[in-house]
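Take a look at the structure below.
The values are calculated or read from the model by the stated rules, or taken from the named source; none is laboratory data. Quick caveat, the model's predicted, so the values are computed rather than measured. Heads up, the Cβs are rebuilt from the backbone with ideal geometry, glycines too, and the neighbour counts pull from every protein chain shown. Ligands, DNA and RNA are stripped out before the accessible areas are found, and what is left, the full protein with its side chains, is counted by its heavy atoms. Shrake-Rupley method; radii C 1.70, N 1.55, O 1.52, S 1.80 Å.
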Amino acid sequence: MLPKFFRPKGFETNLQQEAIEHIDEVQNEIDRLNEQASEEILKVEQKYNKLRQPFFQKRSEIIAKIPNFWVTTFVNHPQVSALLGEEDEEALHYLSRVEVTEFEDIKSGYRIDFYFDENPYFENKALSKEFNVNESGDPVSKSSEIKWKAGKDLTKRTGQTPNKAGKKRQHEEPESFFTWFTDHSDAGADELGEVIKDDIWPNPLQYYLVPDMEDEEGDGDDDDEEEEGLEDIDEGEEEEGEDEDEDGDGEDGEVRKGVQWVLRTVFMKLQSMSLWPPLC
């Protein structure tokens, strides 16, 4: 490299430009590898999606034997429970099965199916919401039309009371969970759909088994009260022991005083009889 005082004007600028071009070439190679990796990962994911299907089916058959499995799972999930009012929760007690299907080309979308037993809210036996991309490559969604029974349309009721779990996480009254089936405003950022697909569906059991935090807190309060009660008992026993010790000291003092008085009386009597001090 030429000494600084021999560098022609623009020398450093040319070196920087050349370095930037080399960095860009290397970055293009990295990007190509990333694209290849994405394609390979997609193929692997598609392969294992097919392998998972029999196990998902078997799991669904077992879940069907557990009453209220899915409503319990949703109520226990922190994000989903925040969307549930009391009437939503009542309606979801009739939810018997949930299925998530990712399309063969995973990048093209997925569908969530909800299967219901006969219920007083709507006629549908199944409700679905599907997410995919249109011809322009933009994310879009579509869903089943809910056939509400007379006076039972939960999406038209305002001011639903939040369910027990929702009270812990929000102060505003939630809209109905079922408005999700009519909301297609931002299919590319559908939070509930993503939560169900990526968080709940892979392992719903982890949310079904979540303990009631209020009960745990209540049990903790009871334990604290029991511990405080035991401490009070211990302190009371210690105080009683101290009182007994003080009483004991008082009784011993009286005995000592009595003995001293008797000895003093005997001593004075012996002196008066000239028997004290004793003769050697």
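State the number of residues belonging to segment 3-50 that are within 30 Å of Leu95 (Cβ to Cβ) and either open to solvent by less than 80 Å² (accessible area, probe 1.4 Å) or at pLDDT 95 or above (or both). Steps first, please.
Within segment 3-50, the first condition is being within 30 Å of Leu95 (Cβ to Cβ), and the residues that meet it are 45-46, 48-50.
Narrowing further to those that are either open to solvent by less than 80 Å² (accessible area, probe 1.4 Å) or at pLDDT 95 or above (or both): 45-46, 49.
Adding up the residues that qualify gives 3.
Please state which of the following conditions Ile66 fails to meet, knowing it meets all the rest: (1) in a helix (DSSP H, G or I); (2) surrounded by 10 or more Cβ atoms within 10 Å (Cβ to Cβ).
Ile66 satisfies every listed condition except (1).
Quick one: which of Val44, Val80 is in contact with a Leu (Cβ under 8 Å, 6 or more places away or on another chain) and assigned to a helix (DSSP H, G or I)?
Numbers: Val44 fails: in contact with a Leu (Cβ under 8 Å, 6 or more places away or on another chain).
One residue alone meets the criteria, Val80.
Working only within segment 75-86, note down all residues that are within 19 Å of Tyr121 (Cα to Cα), open to solvent by less than 10 Å² (accessible area, probe 1.4 Å) and touching an Asp or Glu at 6+ places or on another chain (Cβ under 8 Å).
Matches in segment 75-86: Gly85 only.
For segment 176-210, enumerate the residues that are in a helix (DSSP H, G or I), among the acidic types (Asp, Glu) and more than 21 Å from Phe56 (Cα to Cα).
Residue satisfying the conditions is Glu191 alone.
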